[in-house]
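Just so it is clear, none of the values below were taken in a lab; they were calculated from the coordinates. Only a predicted model underlies this, so the values are computations on that prediction, with no experimental measurement involved. All Cβ positions, glycine included, derive from the backbone under ideal geometry; neighbour counts span all protein chains shown.
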Amino acid sequence: MNVVGHERKPDWPKLGPSIIIATALIVAIRTAKWAATASGDAGVSDVDVALDKEVGFAARISIRVMHELLRKHASLFPQTKEPIFEAGSDDDNPQ
């Protein structure tokens, strides 16, 4: 099979850190005025249903924003070149 060109697509592995940072910023802004809470039991000190809901909300928002930006302004993000292959005949792909 011959390569006839290259298609530029978003480089998703490089976008992961951007989504994590955006999610963390949303959580930080939305919870900045929350009072600090501490549980007496060290085994469940990280269990907070309200915080879990905020993290889920922030992840959904950041991914929605990322998809919208990629749809309208993909050139803002890292790109990768994927080869486009020429369609071959049956002789090229024996089964």
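Table for the structure above
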{"item": "R0 of 41 Å, Cβ-Cβ distance Lys72-Ala35: FRET efficiency to nearest 0.05", "result": "0.55"}
{"item": "Inter-label distance for Phe57 and Ile20, nm, one decimal - labels placed 7 Å from Cα along Cα-to-Cβ", "result": "2.4"}
{"item": "Packing-based order for 69-77, 51-59, using average beta carbon neighbours within 10 Å, highest first", "result": "51-59, 69-77"}
